[in-house]
Each structure stands twice: as structure tokens, then as C-alpha cells.
Amino acid sequence: MKACTKCNYIKEFICFNKSIKHKDGLSYYCKECIKIDKKEKYNENLEESRKYTNKSYKDGIIILDIEKMY
């Protein structure tokens, strides 16, 4: 059992990601808190996230904004 430093709940070890940076080999935050944080950061930077997601290669040409093509 380990306590998540974000939500302060005590959870099973399987609720934490592995991390070689920490002494016990597990991350400080539980998987659920990490998921919530990632979703919040994605929504805060939605335009930047879309630009990154839309960047792709097609026929050797980098397409930065797919929506402008149509």
C-alpha cells in the first residue's frame, strides 16, 4: 500500500506507474491522478495540442494544418 501525494488516498501498488527515478520504484502520483492531469493540460492547451496532432507527413510534404486544405 502506498499513498498518492496528489489525492492523498492510500492505494495498492498496482495503481502506480513504475519509475526508476524514485526509491521505491513507483511514481508519486497514482495512475488516476496522472490521467486527470494530462486531460486538464490537454484542454488548457487545446489549440497547441491540435497543431501537434495534425502535424503529419503525406507524400513527403509536412502538413501543419489539415483544416486549411479543405
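The values are calculated or read from the model by the stated rules, or taken from the named source; none is laboratory data. What you see is a predicted model, and the numbers here were worked out from it, not measured in a lab. Don't worry about glycine lacking a Cβ; one is built from the backbone with ideal geometry, like all the others, and counts go over all protein chains shown.
Among the residues of segment 13-36, write down those that are in contact with a Lys or Arg (Cβ under 8 Å, 6 or more places away or on another chain) and without any contact (Cβ under 8 Å) to a residue 24 or more places away in the chain.
Kept after step one, since they are in contact with a Lys or Arg (Cβ under 8 Å, 6 or more places away or on another chain), are these residues of segment 13-36: 13, 15-17, 24-30, 33.
Phe13, Cys15, Phe16, Asn17, Asp24, Gly25, Ser27 - these are the residues of segment 13-36 that are in contact with a Lys or Arg (Cβ under 8 Å, 6 or more places away or on another chain) and without any contact (Cβ under 8 Å) to a residue 24 or more places away in the chain.
Is there a residue being modelled with pLDDT of 70 or more and closer than 20 Å to Lys2 by Cβ anywhere in segment 36-59?
Yes, segment 36-59 has at least one match.
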